[in-house]
Amino acid sequence: MGTTIENGGIYDSGAYQTLRGISRANRYSEEPDTSIIDLADKKAQGETNKSGITVALEDFSSTLQDFRGHNSSNITAQDTQNGFFDNVKSIFGKENDNIFKTEEGQDLLNKKGNVFQNDIFASDVAKYGGIKYAKNGDDIAGSALNFAKADAYAIGKANQIANGADANDSIDSYEVRSYKDFTGNLKDTFEEMNITGSDITLSPKEYASYLMAVDGLVQNENGAEFDAQKIDGLITPQEAQAAKNLDNEQLQDLAQKIYEENF
């Protein structure tokens with residue numbers, strides 16, 4: 001039995017605006033291409049509590065060196081050429097498992113020229129109809145946490161290159177404007193989304209809690225309904241839209257309960 005959450009109007013919730021694992025589920029590509037996630041899914045099958053998009057973001061971050069003449073972070077075949085330690089691994093028979101450094105990954109980069117973080121999200125939506133942060137059979141809370149860490153670090157790594165800040169697995173309020181034209185007051189938003197006591201940073205566990213909260217939403221005529229049994233590791237456009245229509249206090253209440261139960 002779900003819990004109905006009434007709303008009195010249309011909001012643009014902080015979680016929807018600041019967390020890419022939610023808002024990117026509501027975007028479609030005009031030319032759907034699943035090649036990045038197809039490649040990442042192969043590696044993810046051997047990873048515990050990591051989906052393809054988590055793997056893709058991790059491997060993107062580990063190869064990101066420069067913006068390559070663009071105004072957002074991207075990687076090219078130049079970034080993924082084997083260095084000294086990669087060659088040493090090859091000599092001893094250990095293949096580099098970074099998806100972008102495999103033969104298939106190099107072909108993909110040569111074909112595309114540049115791969116942006118947005119391409120990773122678009123590829124996931126094209127394949128799964130949303131953001132699939134957990135593989136079938138994986139622990140959903142553990143997978144949500146791993147995705148949150150990977151996404152936050154990818155954001156931080158790009159901001160580090162652009163502005164010299166330190167990259168970490170939390171989302172700092174000043175990082176949000178590096179990837180989002182935020183319409184509200186960030187300070188107020190982070191205070192309202194806060195679960196752990198910090199009003200300027202969202203920890204990976206907080207991010208994961210919001211992911212799972214949105215994953216359990218269903219939009220109905222009275223507002224949104226939350227049902228924990230519906231959490232399946234995929235953020236759909238419908239769930240993302242339901243989250244967008246709730247205010248920060250309503251979503252924070254749901255995320256708080258999930259945080260307490262899982263983290």
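The values are calculated or read from the model by the stated rules, or taken from the named source; none is laboratory data. On a predicted model such as this, the values are computed, not experimentally measured, just so you know. For neighbour counting, all protein chains shown are included, and Cβ atoms are generated from backbone atoms with ideal geometry for every residue, glycine included. These area figures cover heavy atoms from the full protein model, side chains too; ligands, DNA and RNA do not enter into them. Shrake-Rupley method; radii C 1.70, N 1.55, O 1.52, S 1.80 Å.
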Quiz item: Can you give the net charge of the other residues whose Cβ lies under 13 Å from the Cβ of Asp166, counting K and R as +1 and D and E as -1?
Solution: -2
Quiz item: What whole number of Å gives the distance from the Cα centroid of the stretch 134-163 to the Cα centroid of the stretch 204-248?
Solution: 18 Å
Quiz item: What pairs from Lys50/Lys127; Lys101/Lys127; Lys43/Lys180; Lys101/Lys149; Lys157/Lys257; Lys43/Lys112 go past 26 Å between their alpha carbons?
Solution: Lys43/Lys180; Lys157/Lys257
Exercise. Using a 1.4 angstrom probe on heavy atoms only, work out the carbon and sulfur share of the accessible area of the chain in %.
Key: 44 percent
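Using a ≥ b ≥ c from the Cα gyration tensor of the stretch 155-207 (square roots of the eigenvalues), is it rounded, prolate or oblate, where a/c under 1.5 gives rounded and otherwise the larger of a/b and b/c decides, a/b for prolate?
oblate
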Exercise. Putting +1 on Lys and Arg Cβ atoms and -1 on Asp and Glu Cβ atoms, find which of Asn74, Ala228, Ser209 reaches farthest to the positive end of the dipole of the chain.
Key: Asn74
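Given a Förster radius of 45 Å and the C-beta distance between Ile200 and Lys42 as r, what FRET efficiency does 1/(1 + (r/R0)^6) yield to the nearest 0.05?
Numbers: r = 38 Å, r/R0 = 0.85.
Plugging the Cβ-Cβ distance into 1/(1 + (r/R0)^6) gives 0.75.
Counting only heavy atoms of protein chains, what accessible area per residue, in Å², does the stretch 88-244 have with a probe of 1.4 Å? Present the calculation step by step, with values, prior to reporting the outcome.
Details: 6960 Å² over 157 residues.
Value returned for the stretch 88-244: 44 Å² of accessible area per residue.
Using 0.36 nm per residue of separation minus the Cα-Cα distance, give me the extension gain between Asn110 and Asn222 in nm, one decimal. Could you put the intermediate results ahead of the total?
Details: separation 112, 0.36 × 112 = 40.32 nm, distance 4.97 nm.
Length gained, Asn110 through Asn222: 35.4 nm.
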Quiz item: What residues have an amide H closer than 5 Å to that of Gln219, excluding those fewer than 5 places away on the same chain, when H is modeled at 1.01 Å from N in the peptide plane?
Solution: Glu225
Quiz item: 222 nm [θ] for the chain, helices only, -39500 (n - 2.57) per DSSP H run of 4+, per residue, to 500?
Solution: -15000 deg cm²/dmol
